[in-house]
1. Sticking to Cα atoms, compute the Rg of the chain to one decimal and its Dmax as the biggest Cα-Cα distance, whole number, in Å.
2. Over the Cα atoms of segment 107-167, what radius of gyration and what Dmax do you get, in Å?
3. Taking the Cα atoms of segment 71-123, what is the range of coordinates along each of the three principal axes, in descending order and whole Å?
4. Compare GLU136, GLU190 by solvent-accessible area with a 1.4 Å probe and give them largest first, with all protein chains kept in place.
5. Using a 10 angstrom cutoff on alpha carbons, build the Gaussian network for the chain and name the most mobile of GLN64, GLN179, GLN82.
6. Comparing VAL34, VAL175, VAL183, which has the greatest mean-square fluctuation in the GNM of the chain with Cα pairs linked when under 10 Å apart?
7. Under the rule of -39500 (n - 2.57) per DSSP H run of 4 or more residues, summed and divided by the residues of the chain, what mean residue ellipticity at 222 nm is obtained, to the nearest 500 deg cm²/dmol?
8. Using +1 on the beta carbon of Lys and Arg, -1 on that of Asp and Glu, and nothing else charged, what's the dipole of the chain about the Cα centre, debye to 20?
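The values are calculated or read from the model by the stated rules, or taken from the named source; none is laboratory data. In this text, all values refer to a predicted model and were calculated from it rather than measured experimentally. Counting neighbours? That spans all protein chains shown, and the Cβs are built from the backbone with ideal geometry, glycine included. Please note that ligands, DNA and RNA were not included when accessible areas were found on the heavy atoms of the full protein model with its side chains. Shrake-Rupley method; radii C 1.70, N 1.55, O 1.52, S 1.80 Å.
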Amino acid sequence: MKTIELVNMLAAGTGASSGPAQPVLVRNAAARMVVALASGLIGAALLLALLYGVRSDLHTLLLQPLFWMKVSFPLAAMLAGQWVASRLARPGVQVGLGPAAALLLPPVLLWLAGASWLALAPSSQRLDLLLGSSWEVCSANVALLSLPTLATMLWFLRGLAPTHLRAAGAVAGLVAGAQGVLVYSLYCVEMAPPFWGVWYVLGVALPTAAGALCGPRLLRW
């Protein structure tokens with residue numbers, strides 16, 4: 001059997017034996033995804049505790065609507081990334097317009113919120129809103145905290161059968177970066193959407209690019 005025929009057969013969810021193989025693959029993918037995300041979250045949380053710590057006013061912060069607006073971006077990006085990753089884990093499956101739009105929606109909404117915030121702010125405050133007090137280290141910190149999840153998401157994909165390896169690696173990095181932002185939010189003091197729209201998005205872009213670069217080599221099967 002030629003390789004392309006095998007890929008087409010797997011994508012169709014059928015095998016030599018009678019009955020579809022896809023439900024087993026889906027269940028396997030779901031279980032691996034849960035393990036990957038949980039392990040990555042634990043690793044990121046341990047890194048945060050060891051390197052940075054958690055804000056002492058976290059109990060007060062949780063009562064602020066702006067904090068939940070802050071974490072809604074990584075949560076939405078992570079959910080969209082999981083959706084796309086679960087599709088790319090199956091051989092020959094295209095991302096599709098809906099999942100691709102879901103990937104773009106969180107940063108676009110964040111940029112719109114940041115632009116509105118800047119437009120309403122006095123011109124003398126706009127640069128401060130963009131740079132905050134930690135722009136030099138924010139994106140690097142997010143990328144560092146994303147490393148455990150990047151490793152576990154690549155493990156998730158490698159155990160299945162992706163065929164679009166660069167795209168799969170990129171989505172693994174996106175999920176990792178979003179989870180890195182989520183964990184970093186427990187430490188970061190920045191509370192301005194313009195800041196998030198630049199430095200948090202850049203922090204997600206770094207592991208996304210890393211995943212795209214290493215995907216073709218690490219996910220080959």
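1. 19.2, 70
2. Spelled out, the Cα radius of gyration and Dmax of segment 107-167 are 18.0, 53 Å.
3. Projected onto its principal axes, the Cα set of segment 71-123 covers 52, 20, 12 Å.
4. GLU136, GLU190
5. Its mean-square fluctuation being the largest, the pick is GLN64.
6. It is VAL34.
7. That comes out to -24500 deg cm²/dmol.
8. 720 debye
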